[in-house]
Amino acid sequence: MTIQTTKTGEIVKPTTQTDPGSNLLHMLRRMLPEIQRALPRHVTPDRMARVAMTAVSTTPDLAICTVHSFVGCVMQAAQLGLEVNTPLGHAYLIPRRDKSLPANQRNCTLIVGYQGYIELARRSGMVASLYAYAVREGDAFEYELGLTPNVKHKPSEAEDRESKPITHVYAVAAMRDSTERVFVVLTKAQVEARRKRSAASGSGPWITDYEAMCLKTAVRSLWKWLPKSAEIARATALDDAADLGEQQTRALDPDVASALTKGGLIEEADLVDKSEPHVEATDEELRRVAQGEQG
């Protein structure tokens, strides 16, 4: 045992250091029975716990997130069948500051990545394929709407292409049991207009993974043309809450919310949506925001 002393020779009393992440792991394991009931059969609580704690090891601030927000996000991601903070890019656990919390505590937020949305769309059984691409300055790109809609994109072969500015993003989906394809094209200005509406526009993945967020914006814009599934609707609700800077508690699946309630992590009152309804901006409003127009 090493004895530490101050500059004046006084012995410093040993202190026991506790890993903040151990509290989260303990709570996850304590709630395994409830967690099991909320998860799909192919997902085990142990697998979910391992993935969650790996995320904590790579993103240390997750260890100081509130227990209910962390456990809720992990359970919701697992129920959707999306792994968090892995190279798959399905979903991410993001620690965010909250004015209602002490300075040394964070709220955990679940962000579904564009690869996660693509996975959910494919899994729905209604979409055969879905992909998204970024168009960069120097690429040959054109698209046409109307009776014969079409997209043509030939990426530049320049060695520095990846460093060129993004000019457009687009997403294309092919329907199962049909030759029909649908697509959406967004300009850089339209993407920026949507980014500015997000509560996390100046932090998180919009800063660290800008291209991925642009692609996700294109995929999200394609949703209105695609058949809906319960999983896609859930992921969208979670994303909308995160974009507005609201608690995701009210957007959780009922089974996940019930497990958190039975585990004593949240109250029934926390599940009541008391916020003002969010009205989607029109294309004209988005255009004006992008161009900095007033009124």
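Taking the Cα-to-Cβ direction at LYS99 and at GLU159 and moving 7 Å from each Cα, how far apart do the two end points lie in nm?
Once both label points are built, they end up 5.1 nm from each other.
Taking H placed 1.01 Å from N in the peptide plane, check which residues at least 5 places from THR86 or on another chain put their amide H under 5 Å from its amide H.
Close amide H contacts, sequence-distant or interchain: ALA91.
Could you state, as a whole-number percent, how many of the C-alpha pairs of the range 125-226 are farther apart than 23 Å?
31 percent
If r is the Cβ-Cβ distance from SER203 to ARG41 and R0 is 41 Å, what FRET efficiency results, to the nearest 0.05?
0.65
Could you compute the FRET efficiency for HIS26 and LYS228, with r as their C-beta to C-beta distance and R0 at 30 Å, rounded to 0.05? Please list the in-between numbers first.
Values: r = 38 Å, r/R0 = 1.27.
Efficiency computed from Cβ-Cβ geometry: 0.20.
Residue separation times 0.36 nm, minus the C-alpha to C-alpha distance between THR187 and THR58: what's the value?
Numbers: separation 129, 0.36 × 129 = 46.44 nm, distance 3.37 nm.
Difference between extended and current length: 43.1 nm.
Taking the Cα of ALA128, stepping 7 Å toward and past its beta carbon, and measuring to each backbone N in the range 154-188: which are under 12 Å?
Answer for this model: 173-182.
Which residues' amide hydrogens lie under 5 Å from the amide hydrogen of VAL127, considering only partners 5 or more residues apart or on another chain, with H built in the peptide plane?
ARG176
Which of VAL71, VAL56 comes first, and how do the rest follow, when ranked by fewest Cβ neighbours within 10 Å?
So the residues, fewest neighbours to most, are VAL56, VAL71.
Among ARG161, ARG195, rank each residue by its count of other Cβ atoms within 10 Å, from fewest to most, as a rough exposure measure. Walk me through the intermediate numbers first.
Numbers: ARG161 13, ARG195 18.
Lowest count first: ARG161, ARG195.
Read the figures in this text as sums done on the coordinates, not as results from a lab. Note that the structure is a prediction, hence the values are computed from the model and not measured. Because the Cβ atoms are built from the backbone with ideal geometry, glycine has one as well, and the counts that use them run over all protein chains shown.
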